[in-house]
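This report refers to the structure that appears directly beneath it.
The values are calculated or read from the model by the stated rules, or taken from the named source; none is laboratory data. Everything numeric here is computed off the predicted structure, so don't read it as measured data. Virtual Cβ from ideal backbone geometry, glycine too; neighbours counted across all protein chains shown.
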Amino acid sequence: MEKGKLNALIELLDDPDNMVFGMVEQELLKETHEIIPELEKKWESSFDENCQERIENIIQNLQFKKTYSKLKNWLALKPKHQNLIDGFSIVDRFQYPDLNLLNLQLKIENLRKSIWLELNNSLTLLEKTTILNHFLFNMNGYSVNLSNPHSPQNCFLNQLIDTKKGNSISMSIFYTIMARQLELPVKLIDFPKNPLVGIVDSELAQKVHGSSVNSDVLFYINPSNKGSITSRKEIEYHLKRNDYLPFHEYTEPKPDSLFIQRLLESMQESYVAVGFPDKEEKIKQLLSLF
């Protein structure tokens, strides 16, 4: 849109006629987030609370439009090109549209370095996992937020890193991100109510499980329980006891995109629990992309 036309439309945002405003809003919402700075200038210079509220709503809708577009583009990538940090940070932008991704990546990198210094190639996958668990859960104190389980803040990567609290889904995704940063062969497992992380090594898995078990997962990690390590037999026992069948639905790796979907579903539940139905409707739009 030409700057002159844009400015003319913005100047009409304080028009008392709701019909005029409706037409202006419709035109502005056809644009991208790039017009937000001009809207912010109008907000700062306006003394009309109604006009400021209108601008705030338009800005929020444009920011959501950007988040929707980013998620759509991320989902369009081939699974091997879907960076889990990018997927998680797109969810963050739903609540924090001005998220500083570089700052977020720096915090993850600093944490990775502190753990990487304790690793070496002579260690087994089990030993490396144990070290990762020690640093994340014992030294840094990451844990599931049991005192406020329904808080939407549990669903955002930036908040999880800063507060060291999340829910079972965000903690599993965060754990997977950190493990991959350390080059551990991990994939997410859609275990009922509590996603797990699987260490995947087809050659070792066959040696451990034998030829009768068709699985590349060597063992399972529960990030919601300080990274407790669980065998396949224990997992299958739990599934059988609770009538979760077939086993492979809950024991084998699933695409990363499924867990971004699970994250959005948990966020939707959280906003409903704390009474923000307007947020729920927007999350439904994001979920429609899956």
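Of the residues in the range 164-173, at least one is part of a loop (DSSP other than H, G, I, E, B) and surrounded by fewer than 23 Cβ atoms within 10 Å (Cβ to Cβ). Of everything listed in (1) free of Cβ contacts under 8 Å to residues at least 40 places away in the same chain; (2) closer than 18 Å to S270 by Cβ, the single unmet condition for F135 is (2).
If you take the residues of the range 4-26 that are surrounded by 14 or more Cβ atoms within 10 Å (Cβ to Cβ) and charged (D, E, K, R), which of them is farthest from R54 (Cα to Cα)? Of everything passing the filter in the range 4-26, D15 is farthest from R54 (Cα to Cα). Residues of the range 69-90 that are in contact with an Asp or Glu (Cβ under 6 Å, 6 or more places away or on another chain) and surrounded by fewer than 17 Cβ atoms within 10 Å (Cβ to Cβ): Q82 alone. Quick one: would you say F64 is over 14 Å from E11 (Cβ atoms), among the aromatic types (F, W, Y) and touching a residue at least 24 places away in the same chain (Cβ under 8 Å)? Considered against the rule, which asks whether it is over 14 Å from E11 (Cβ atoms), among the aromatic types (F, W, Y) and touching a residue at least 24 places away in the same chain (Cβ under 8 Å), F64 comes out as yes. Residue pairs whose Cβ atoms lie under 6 Å apart, separated by 6 or more positions or on different chains, with the first residue in the range 190-218 and assigned by TED's automatic domain parsing to the domain that holds L239 and touching a residue at least 60 places away in the same chain (Cβ under 8 Å) and the second aliphatic (A, V, I, L, M) and not in a strand (DSSP E or B), are P195/I169; I199/L125; L218/L204; L218/A205.
Okay, residues lined up against (1) under 21 Å from Q159 (Cα atoms); (2) in contact with a Lys or Arg (Cβ under 9 Å, 6 or more places away or on another chain); (3) aliphatic (A, V, I, L, M):
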| position | (1), (2), (3) |
| --- | --- |
| F47 | no, no, no |
| I55 | no, yes, yes |
| I59 | no, no, yes |
| Q63 | yes, yes, no |
| N73 | no, no, no |
| P79 | no, no, no |
| Q82 | no, no, no |
| I90 | yes, yes, yes |
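Scanning the range 215-258 for residues that are under 24 Å from P79 (Cβ atoms), hydroxyl-bearing (S, T, Y) and modelled with pLDDT under 95 returns a single hit, S215. Could you list all residues from the range 229-238 that are free of Cβ contacts under 8 Å to residues at least 40 places away in the same chain and either closer than 22 Å to H134 by Cβ or within 26 Å of the chain's Cα centre (by Cα) (or both)? Listed by number, the residues that qualify are T230, S231, E234.
The lone criterion from (1) part of a helix (DSSP H, G or I); (2) touching a Ser or Thr at 6+ places or on another chain (Cβ under 8 Å); (3) surrounded by fewer than 16 Cβ atoms within 10 Å (Cβ to Cβ) left unmet by Q153 is number (3).
Does the range 39-46 include one or more residues that are assigned by TED's automatic domain parsing to the domain that holds T67 and not in a helix (DSSP H, G or I)?
Taking every residue of the range 39-46 in turn, at least one turns out to be assigned by TED's automatic domain parsing to the domain that holds T67 and not in a helix (DSSP H, G or I).
Of the helices (runs of 4 or more DSSP H) lying entirely inside the range 70-136, those containing at least 3 residues that are within 13 Å of the chain's Cα centre (by Cα) are 84-95.
Criterion first (within 14 Å of I108 (Cβ to Cβ) and in contact (Cβ under 8 Å) with a residue 60 or more places away in the chain) does F174 satisfy it? Answer is yes for this residue. Selection within the range 32-49: residues that are closer than 14 Å to M1 by Cβ and of a type in the set (D, E, K, R). The member of this set that is farthest from the chain's Cα centre (by Cα) is E38. Selection of the range 202-234 for residues being among the charged types (D, E, K, R), surrounded by fewer than 17 Cβ atoms within 10 Å (Cβ to Cβ) and part of a loop (DSSP other than H, G, I, E, B) yields only K226.
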